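Following: one structure in structure tokens, then a few remarks.
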Amino acid sequence: MCFKFYSGGGEDRVVLYDIIKGIGIMLMVLGHTCGQPLYNWIYSFHMPLFFIVSGLFFSPNKYQFKAFVRKRFKQLVIPLFIFTTFIIGIASIFIPEQNIVGNLGRGILPGALWFLFVLFVVQVFYCLFIKCLKGNIWALLFIVFISVFAGSWLKICSYRTNFLYVGTIFSAFPFYALANLFGLNIIKIIHMQINNLKLWVLAAICLLFPLVVVLYTCRTMSLWNNEVPSPVMLYYMIACVGSFGIFFLSKAIESSNKHIVSILSFLGKNTLPIVALNQLIIDLSTKYISCDSHVCFKMLQQVLIWSICLLVIKFCNCHFRLAVGK
């Protein structure tokens, strides 16, 4: 059985894509600085969201395989190498006690840069499967099924080890693949003809569901170290439901406030430096800045993260576009 894939969209859908990524990157930064239970709630869906939205807007028929790999290498791997080298250099000087180099038990890349590597591998393998299987949905669904449980099995068999993020690749692959396979259906749901009030209500319901689950279980999904609690399917489900919450929220925002749309779109177009640098800024501020108030310190970290990242984004877009995959 062959399947008709979603093939992207017009300018309105590009804007929505950027808004979703903008909200996602804000949640990622908040998740890295907040405590419980907000941490568990955000982690239950925020990184799956990036894989889902990447798969949703991928058009498998747009590129030949080699051309696709070259493009993604330029967009993801070259910036990954640049930022990894920069972060390791800075961290080795200012926070050498963290021993970023060679920390094989937790993965070989600093901070959230694991996401770029995993996304690149997931995209390449998915594109390869699409080309080889010629859109056979049953074969692709079988691979997705195997991938879900392979990720969990690797976690059990290699406790506290995720070298080269092999387990994470298996665990993240289903989000990307299913989003692409059922992209047309997902887009139809997102673009249902309903008013803004209903969109806000749908967003609230979808985002509250993961919160209830993580509050009840006191566990969450954490893709960077391939942590998917049992029952595995429950946590995959709440990741998908939470992602739909962000989709509905983005759709509601898109038609309500142009200034917010502009800010979120900008962040969505420039997520890479924020992904790369936010953890380094958090680590440096934790070591070198002292504050009597925990709340004030967390607010200061947010200010530092966004101020520094915005400066880096401006510099890279003007003078070093290779670092942001452009």
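The values are calculated or read from the model by the stated rules, or taken from the named source; none is laboratory data. As the structure is a prediction and not an experimental result, all values here were calculated from the model. FYI the Cβ positions are ideal-geometry reconstructions off the backbone, even for glycines, and counts take in every protein chain you see. Remember, those area values only see protein heavy atoms, side chains included, never the ligands or the DNA or RNA. Shrake-Rupley method; radii C 1.70, N 1.55, O 1.52, S 1.80 Å.
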Highest mean packing first, using Cβ neighbours within 10 angstrom, the peptides 291-298, 307-314 sort as 307-314, 291-298
In cubic angstrom per residue, the convex hull of the range 179-322 built on its Cα atoms measures 184
Phi angles of the range 312-326, converted by Karplus (6.51 cos²θ - 1.76 cosθ + 1.60, θ = phi - 60°) into ³J(HN,Hα) in whole Hz with x for Gly and Pro, give 5, 4, 4, 5, 5, 5, 8, 10, 8, 5, 4, 6, 10, x, 10
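Taking all protein chains in place and a 1.4 Å probe, what share, in percent, of the accessible surface of the range 67-216 do carbon and sulfur account for? Provide the component values of the computation, followed by the final result.
Working: 5810 of 7720 Å².
Here it works out to 75 percent.
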Looking only at lysines whose Cα falls under 22 Å of LYS326's and that sit 8 or more positions away or on another chain, we get LYS21, LYS62, LYS66, LYS71, LYS74, LYS269, LYS314
Log10 I(q)/I(0) at q = 0.11, 0.13, 0.14 Å⁻¹ for the chain, from Debye over equal alpha-carbon scatterers, is -0.71, -1.03, -1.22
In nm, the gap between the two label points placed 7 Å beyond Cα toward Cβ at SER255 and LEU184 is 2.4
Reduced to Cα centres, the span from the range 284-319 to the range 169-193 in Å works out to 34
Between ILE205 and VAL14, Cβ-based FRET efficiency (R0 30 Å, step 0.05) works out to 0.65
Of 110-118, 282-290, 198-206, ordering from highest average Cβ density within 10 Å down gives 110-118, 198-206, 282-290
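Return the FRET efficiency for the residue pair LEU304, ILE263: r is the Cβ-Cβ distance, R0 is 22 Å, and the value is rounded to the nearest 0.05. All intermediate terms of the calculation are to be shown ahead of the outcome.
On the way: r = 18 Å, r/R0 = 0.84.
For R0 = 22 Å, the calculated efficiency reads 0.75.
Starting from 0.36 nm per residue, how many nanometres of slack lie between ILE95 and ASN61 once their C-alpha separation is accounted for? The partial results should precede the final answer.
On the way: separation 34, 0.36 × 34 = 12.24 nm, distance 4.57 nm.
Length difference between fully extended and current span is 7.7 nm.
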Among THR168, HIS319, MET221, the residue whose Cα sits farthest towards the positive end of the charge dipole of the chain, when +1 is placed on the Cβ of each Lys and Arg and -1 on the Cβ of each Asp and Glu, is HIS319
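Taking the Cα centre of the chain as origin, sum charge times position over the Cβ atoms of Lys and Arg (+1) and Asp and Glu (-1), and report the length of that vector in debye to the nearest 20. Don't skip to the answer; put the middle values down first.
Working: 25 positive and 8 negative charges, 196 e Å.
The calculated dipole for the chain is roughly 940 debye.
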Burial-style ranking of 151-157, 56-62, average other-beta-carbon count within 10 Å with highest first, yields 56-62, 151-157
The relative contact order of the chain, taking Cα pairs under 8 Å that sit 6 or more residues apart, comes to a percentage of 32
